[in-house]
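The values are calculated or read from the model by the stated rules, or taken from the named source; none is laboratory data. A quick note: this is a predicted structure, and the numbers were derived from the prediction, not measured. Cβ placement follows ideal geometry from the backbone for every residue including glycine, while neighbour counts extend to all protein chains displayed. Surface accessibility is based on the protein's heavy atoms, side chains included, excluding ligands, DNA and RNA. Shrake-Rupley method; radii C 1.70, N 1.55, O 1.52, S 1.80 Å.
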Amino acid sequence: ALTLPFLEWDMTQPIPQSAPFGMCCDVMEHIPTNDVATVIDNIMTSAEKVFFMISTIHDNWGEMIGCELHLTVKPHSWWKAMFGKYEVTHEQDIGTASLFIVKRYAA
């Protein structure tokens, strides 16, 4: 059986792992807006092609703990612009979330 290691990491720092493919689901909306570009760059440096699923609505659970959980709630067009220096090979706005497949350009 294939086992994958769990890596707990501050994504504002370069990611020490690399892979041909990555998956980033239910993460980006939790990143402070000022850190989004850095996190995207770190993810795209560590994987050649990445699937992103990003919530575009405010969370309902944060109030249960007295904390806003979705720190960057932006429309699909904003997120697409954030991937501007990479190749977006697929995108879909499903209303409550944005889906992207993003490919790193060859260095």
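A few remarks follow.
- Among the residues of the range 88-99, those identified as open to solvent by 70 Å² or more (accessible area, probe 1.4 Å) and part of a loop (DSSP other than H, G, I, E, B) are I94, T96.
- Tabulated pairs, the range 7-20, first under 18 Å from P32 (Cβ atoms), second part of a loop (DSSP other than H, G, I, E, B) and open to solvent by 90 Å² or more (accessible area, probe 1.4 Å), C-beta under 7 angstrom, 6+ apart or interchain: I15/W9
- Out of V73, V102, V39, one residue alone is out of contact with any Cys (no Cβ under 6 Å at 6 or more places or on another chain), part of a helix (DSSP H, G or I) and touching a residue at least 12 places away in the same chain (Cβ under 8 Å). It is V39.
- Condition check for I57: β-branched (V, I, T), in a loop (DSSP other than H, G, I, E, B) and surrounded by 10 or more Cβ atoms within 10 Å (Cβ to Cβ): yes
- Selected residue (only one of H70, H30 is open to solvent by less than 50 Å² (accessible area, probe 1.4 Å), farther than 15 Å from I101 by Cα and modelled with pLDDT of 95 or more): H70
- Here K85, K49 are screened, and the one residue that is surrounded by 15 or more Cβ atoms within 10 Å (Cβ to Cβ), closer than 24 Å to P20 by Cα and of a type in the set (K, R) is K49.
- Taken over the range 1-21, the criterion of being surrounded by 12 or more Cβ atoms within 10 Å (Cβ to Cβ) and either within 21 Å of H70 (Cβ to Cβ) or of a type in the set (S, T, N, Q) (or both) is satisfied by W9, M11, T12.
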